[in-house]
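Data first, discussion second: the structure below is written as structure tokens.
The values are calculated or read from the model by the stated rules, or taken from the named source; none is laboratory data. Keep in mind it's a predicted model, so treat the numbers as computed, not measured. Positions of Cβ are backbone-derived with ideal geometry, glycine not excepted, and every protein chain shown enters the neighbour counts.
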Amino acid sequence: MLEKIKSLLLKDSYKKVGIYTITASLCKAISFAALPFFVNALSEGDIGILNIFSNSIVFLTPIISMGVLYTISIDYFKSSKEKYATTFTTGLIIPVVLSLVLIPVFYLLRAPLEKSFNFQPAFFWLIPLCLFFNFCFEAFIILLRNQNKVKQFAIVSFIKIILEVGFSIIFILYIYSNWYSRALAFLFSGLVVAVLFLYHSHQNKFLVNRIQFTGIKSELQFGISGLVLQTAIFFITTSDKFFVMSFFGKTQAGYYAVASTFATIQYIICVSLLQYLQPVLFKEFAAFQTWKNLKSIYFKYGAAMLATLLAVTIFTIIVYHFVLKATYQPYLYYFYILSISSFIWTISNIFLQYIVFKKNKNAIFFLALTGITISVAVNYFSSKYFDVNWLSFGQIFINLLVLVIIVFFNKKLKFFA
């Protein structure tokens, strides 16, 4: 029995999944280890403001990337290294330009943003810079994953989170005892990773002197569908925090944000598994493999997500009762609701991979626009006419409906044939 377990652990695929999962888990553990410090050192209002700051970056990253991250992931397996280098270099122009464009856009919209979402004046230069640095981090880990450089993937992930948390604690203790220190730490840690990303790309000859302007045009055309899909994912998984801030204030947003942070641990584990599974599934899809041949992978993934849900629930209960300030305990039930919603989304995410691989624009646009419409409608009406409890239950409804739509398009694209 011990020899069988040992042989399984030594298999390359298990080692990779283990490294991806352990990396994501430890990065999250480092973040959560520092969470009590931030929750106790900062006010509930500061936590609410930081929630808007971080979720703005989540929302705007797909807008400035315009599908470039999809291309970096998919074209690596389809193109020659020379052609890929040209595509890679050309693709970097898009996030640079769009990040710069956001600065005057934010300035022009500063009044409504401040009024509706409590945007701070510093957001108007912090967010565009952090967006580009965050794009570099996302592109970096995709590139390392495609190159099968698992150890480097882990190192970069640890550098990012250790610098972010370390800078945050130092800045809060010795510079600003508010949200600004945390935001600056995100900025500086992102800058370090961006420099490493550009150096790695140069060393691997992915940065070249060739710019393919027709490539920018095609990238933008494909990017529209990628943009719409990523925007929909934001609305489905994140937009509820903005509605809480807008309708119920920054203190309530702080309580909701902490519960949501624990609930999204499942999504972190989901992403870590997909770091390994996505290239595997894409290769199988390219070989015309469908549900009949791949269902065992899906069932194992679902079992892993159920185990994660149980483990995260136990962990969260302990933290709420013994680590966080007592003011957060009455709002633990937010976590129970949001964790169910997060679990449903992790199941949707693996079925979404087939639609992404097929690049079926009709399916992507319908799914995206429907997801955005449903999310806005549910979040707006539950916030305006009911309360935060209704809004949190609404996330379960939204994710169930999205799962049904994703499964429908998998069937339509003959995945279950």
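Structure summary
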{"read-out": "One residue from P112, P104, P121 being outside any helix (DSSP H, G or I) and loosely packed, with under 14 Cβ neighbours inside 10 Å", "value": "P121"}
{"read-out": "Residue identified as out of contact with any Lys or Arg (no Cβ under 7 Å at 6 or more places or on another chain) and under 13 Å from V402 (Cα atoms) among I337, I364", "value": "I364"}
{"read-out": "Close pairs (7 angstrom Cβ cut-off, 6 or more residues apart or separate chains): in contact (Cβ under 8 Å) with a residue 40 or more places away in the chain and under 16 Å from I372 (Cα atoms) in the range 386-409, assigned to a helix (DSSP H, G or I) and of a type in the set (F, W, Y) anywhere", "value": "L391/F243; N399/W345; I406/F351"}
{"read-out": "Verdict on A263 being within 19 Å of T316 (Cβ to Cβ) and either modelled with pLDDT of 80 or more or acidic (D, E) (or both)", "value": "yes"}
{"read-out": "So I93, is it more than 24 Å from D240 (Cα to Cα) and not hydroxyl-bearing (S, T, Y)", "value": "yes"}
{"read-out": "Residues of the range 40-85 that turn out to be hydrophobic (A, V, I, L, M, F, W, C) and over 24 Å from L198 (Cα atoms), as a count", "value": "7"}
{"read-out": "Residue ID - modelled with the lowest pLDDT, chosen from residues in the range 56-86 that are of a type in the set (S, T, N, Q) and outside any helix (DSSP H, G or I)", "value": "S79"}
